[in-house]
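Following: one structure in structure tokens, then a few remarks.
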Amino acid sequence: AKIWEVKTGKKLFSLEGHTHQVMDVDLKPDMRTLLSAGADGIVKVWNLVTGEAKYTIKGYTKEITSLQFIGYESRFLATTAESHVRFLDERGRAQRSFSGTADFMNSAASTPDGAIVVAGGQDGVLRVWNGEDGKLIKDFPAPITAAKVAKK
């Protein structure tokens, strides 16, 4: 990932460290910390004042597909190709997991306070959880199509 100053077009930093493509990035609202998610199964937490990596979060065998800081907090929402939807802190410690997923998760989003989490994946189900206790509020299965009926 590269950081550019928009006003001047000057490149400020090259954030290097992923060994495969970067799948997603998110900027903390304080504009001082950036997350990057890699197809290498790694999340990097970057200090945008120095351009250095603060933390490298490992332990995933597949892609990290999406990231989102929860407001100004040091925790973030992450989804993976391993079917995980989780709140993590900046050091990679799991704060809460959201259950019911069994397939590649494409993306997730949260309200700024983390009260509601929504995620979707390759199983075609959109899930909504209570971010405070991790309980599923509602799931919205993909509509039945002629192609699905023909497979049965």
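Ranked by the mean number of other Cβ atoms within 10 Å per residue, highest first, peptides 6-16, 56-66 order as 56-66, 6-16.
For the chain, a simple Cβ point-charge model (Lys and Arg +1, Asp and Glu -1, everything else neutral) yields a dipole of about 200 debye relative to the Cα centre.
Taking Lys and Arg as +1 and Asp and Glu as -1, the other residues whose beta-carbon sits under 14 Å from that of residue 12 total +2. Per residue, the solvent-accessible area of the chain (1.4 Å probe, heavy atoms of protein chains only, all protein chains present) comes to 56 Å².
In the chain, the DSSP-assigned H stretches of four residues or longer account for a calculated mean residue ellipticity at 222 nm of -1000 deg cm²/dmol, using -39500 (n - 2.57) per stretch and the full residue count as denominator. The portion of the accessible surface of the chain made up by carbon and sulfur, rounded to a whole percent, is 53 (1.4 Å probe; DNA, RNA and ligands excluded).
Let me make sure I get this right: for the range 13-88, a, b and c are the square roots of the gyration tensor eigenvalues over alpha carbons, sorted descending. Under 1.5 in a/c it's rounded, otherwise prolate if a/b > b/c, else oblate. Which is it? It comes out oblate by the Cα gyration axes.
The values are calculated or read from the model by the stated rules, or taken from the named source; none is laboratory data. These numbers come from a predicted model, not from an experiment. Cβ sites come from the backbone with ideal geometry, for glycine too, and all protein chains shown count toward neighbours. Side chains included, ligands, DNA and RNA excluded: accessible areas come from the protein's heavy atoms. Shrake-Rupley method; radii C 1.70, N 1.55, O 1.52, S 1.80 Å.
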